[in-house]
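The values are calculated or read from the model by the stated rules, or taken from the named source; none is laboratory data. Nothing here was measured: the structure is a model prediction, and the numbers come from that model. Here the Cβ positions follow ideal geometry from the backbone for every residue, glycine too, while neighbour counts run over all protein chains shown.
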Amino acid sequence: MVGSLFMTSADIDKATVKAQIPLRKLQREARPFYLSVMDDPVMKKMADEGKAQVFTTDVALAVIMAAPRSVASWDIVVQRSGAALFLDVREGSSVFDNIVNETAQEAPEDDKDAGSNMNSMTQLNMEASYINYCYTQQCIDKNEAPEAMQQEGKNGKGLLDAWRNRPKDQEVPHGKAFRYRRFEVDDDNEVHMVVRCEVDAAFEGKDGKKAFVTIKALNEFDPAVSGVNWRQKLDSQRAAVLANELKNNRNKLARWTCQAIIAGVDYLKMGYVSRAHAKDNVRHFVLGTQLMRPADFANQIELKTENMWGIAKAVVQKLFTLQTDNECKFLLLKDPNHPKVNVYKVPADSFDYEEQEEETGEVMDDDDDSDLE
């Protein structure tokens, strides 16, 4: 593990509907931390040492694992370098958005007034992403300096040295830690995957051991649209609220759970944040928090771990069969109109924004024009 972690604050846990806590608004980071898999010095070191054949992040892998629950379009960039595959999310991709009510019967849409309509898809997604950022920061205790994390395992020092050699412009924000985990992908123990996972915070358990936490926030924007009023139901019927959120945000909840399981954190901490009023998208209040074991929550939302890894295995196997040059790229693109993922071969310099500036690579079908259903 690299980076540093703050301990969690217990103050936010006191929030209830009757004792709601204002969500503290923070200045949004102009450029959130982003480090592509191909530029990650730890990934490069492990690839050079032959530690794995597939390298990715928890965000990209969770998108693939939760793909059957997705409705909105998304894409993952796949780069083949020698015998290794690198799966990544493009900087600024919509994958990083917290899509609101994606799986609802009447999902939000953008119209000609999307920029001024606070309940348009674009505005709701921006609001939800900002709420998640603010809630995560409010859940940690900044009165004490964050603790530097150390990479676990016998090769920990070498990986830490590699991490310190990353590009100087890739400074990790205080309180952000990354955990590199290695998984077996196939049954023959021949294909392994290294995943860079994000960890949000830590706390000391009753047994004195340190526990790691992933922090997320659900948000309520209009009870008339969502179908359940949190201020009426959350304290007394939380299961009903969560069931309704699962219906409306099935994919988002699955992705969060996949990320927590992949990262191997001990707990998933989820906040319930609501607008001060349905017509006020500026002021928000925390109405409650919930701390869950990722595996328990996965069972609750009917997300099977074996299915998660089965999907990942199938995608990786498919990518390894594609005809390729030594250095080339592919694009996994979720069809916006159908429940399928298309595989496209793209020029090797596609999405290299620093080199291309405003140029965009032309997308071409790969040789077998394949779909992943």
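Structural remarks
- Some residue of the range 243-255 being in a strand (DSSP E or B), out of contact with any Cys (no Cβ under 7 Å at 6 or more places or on another chain) and basic (Lys, Arg): no
- Qualifying residue in the range 16-31 (condition: surrounded by 15 or more Cβ atoms within 10 Å (Cβ to Cβ), within 21 Å of the chain's Cα centre (by Cα) and assigned to a loop (DSSP other than H, G, I, E, B)): no
- Scoring residue 254 on the criteria (1) touching a residue at least 60 places away in the same chain (Cβ under 8 Å); (2) in contact with a Lys or Arg (Cβ under 7 Å, 6 or more places away or on another chain); (3) surrounded by fewer than 24 Cβ atoms within 10 Å (Cβ to Cβ); (4) at negative phi leaves a single failure, condition (3).
- Screening residue 79 on (1) in a loop (DSSP other than H, G, I, E, B); (2) in contact with a Phe, Trp or Tyr (Cβ under 6 Å, 6 or more places away or on another chain); (3) of a type in the set (S, T, N, Q) shows it passes everything except condition (1).
- Exactly one residue out of 177, 211 is touching a residue at least 40 places away in the same chain (Cβ under 8 Å), touching an Asp or Glu at 6+ places or on another chain (Cβ under 8 Å) and closer than 21 Å to residue 44 by Cα: that is 177.
- Top-ranked residue in the range 284-319 [being part of a loop (DSSP other than H, G, I, E, B) and among the aliphatic types (A, V, I, L, M); ranked as surrounded by the fewest Cβ atoms within 10 Å (Cβ to Cβ)]: 301
- Any chance residue 183 is at pLDDT 90 or above and more than 17 Å from residue 51 (Cα to Cα): no
- Hey, residue 59 within 22 Å of residue 254 (Cα to Cα), buried (at least 18 other Cβ atoms within 10 Å of the Cβ) and touching a residue at least 24 places away in the same chain (Cβ under 8 Å) or not: yes
- Check on residue 92, among the small types (Gly, Ala, Ser), within 20 Å of residue 198 (Cα to Cα) and at pLDDT below 90: yes
- Contacts under 6 angstrom Cβ, first residue in the range 14-41 being over 30 Å from residue 280 (Cα atoms), partner part of a loop (DSSP other than H, G, I, E, B) and modelled with pLDDT under 90, 6 or more apart: 34/91; 35/170; 41/165; 41/166
- Among residues of the range 26-53 being at pLDDT 90 or above and basic (Lys, Arg), the one that is nearest to residue 193 (Cα to Cα) is 51.
- Pairing each residue of the range 118-136 that is within 15 Å of residue 279 (Cα to Cα) and surrounded by fewer than 19 Cβ atoms within 10 Å (Cβ to Cβ) with any residue that is of a type in the set (Gly, Ala, Ser) and modelled with pLDDT under 90, provided the two are 6+ apart or on different chains, yields C-beta distances under 9 Å for 120/114.
- Just one of the listed residues (36, 70) is over 20 Å from residue 322 (Cα atoms), touching a Pro at 6+ places or on another chain (Cβ under 9 Å) and surrounded by 17 or more Cβ atoms within 10 Å (Cβ to Cβ), and it is 70.
- In summary, strands (runs of 3 or more DSSP E) completely within the range 177-222 and bearing 2 or more residues that are in contact with a Gly (Cβ under 9 Å, 6 or more places away or on another chain) occur at 177-184, 192-199, 210-220.
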